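One structure below.
We did not get these values from a lab; they are worked out from the coordinates using the rules stated. Worth saying up front: this structure is predicted, and the values here are computed from it rather than measured. Here Cβ is always computed from backbone atoms with ideal geometry, including for glycine, and neighbour counts include all displayed protein chains.
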Amino acid sequence: MTLSDALERLDALLLEERLAICSIEADRVLAIADEKLALLEVLRAGDWLSAGDLRRRYRELVPRLRENGVLLAHARNSARELVQALTAGGSPTYDARGVAIVAAGARRVSINA
């Protein structure tokens with residue numbers, strides 16, 4: 001796989017990952033993580049000195065990688081808070097779509113971005 005191919009696939013995976021996180025598709029998120037790791041190995045081993053414009057393409061993906069990481073962290077925290085609320089005998093409230101929302105102090109927590 002070339003650097004260009006790896007960057008193109010990583011770009012597509014970032015959107016898929018965002019959608020999977022927001023849809024709470026844990027199995028898909030894990031599968032994407034495995035594929036991203038494999039792609040990052042290709043990128044790590046690539047010849048970046050002669051990559052030219054590909055370096056710019058990679059730099060453009062970095063903010064999206066970070067954004068998805070933040071979404072994952074929020075999803076993890078929300079799941080943890082929901083489990084804590086359920087095990088403490090509390091019951092969650094649900095929004096119009098049926099998504100559980102846990103009251104956490106004066107704020108509402110939802111993993112949908």
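When the convex hull of the C-alpha atoms of the range 24-101 is computed, what volume per residue in Å³ does it have?
Measuring per residue, one finds 111 Å³ for the Cα hull of the range 24-101.
With everything on Cα atoms, drop me the angle between helix 54-87 and the longest principal axis of the chain, reported from 0 to 90° to the nearest 10.
Orientation of helix 54-87: about 20 degrees from the principal axis.
Taking the beta-carbon count within 10 Å as an exposure proxy, list GLU17, GLU25, GLU41 from fewest neighbours to most.
Fewest-to-most Cβ neighbours within 10 Å comes out as GLU41, GLU25, GLU17.
If R₀ is 41 angstrom, what is the calculated FRET efficiency for the pair ARG57 and THR87, using the beta carbon separation as r and rounding to 0.05?
0.35
Sequence-distant or interchain residues sharing an amide H contact under 5 Å with ILE101, placed H: which?
THR93, TYR94, ASP95
Nearest 10 degrees is fine. How inclined is helix 26-45 to the longest principal axis of the chain, computing both from alpha carbons?
30 degrees
Calculate the FRET efficiency for SER23 and THR2 from the Cβ-Cβ distance with a Förster distance of 30 Å, rounded to the nearest 0.05.
After rounding, the FRET efficiency stands at 0.45.
Could you tell me the relative contact order of the range 3-109? Use alpha-carbon pairs under 8 Å, at least six residues apart, and round to a whole percent. Write out the running numbers ahead of the final one.
Details: 64 pairs, mean separation 24.9, N = 107.
Here the relative contact order equals 23 percent.
Calculate for the chain the 222 nm mean residue ellipticity that helices alone would give, adding -39,500 (n - 2.57) per DSSP H run of length 4 or more and normalising by residue count, nearest 500 deg cm²/dmol.
It lands at -23000 deg cm²/dmol.
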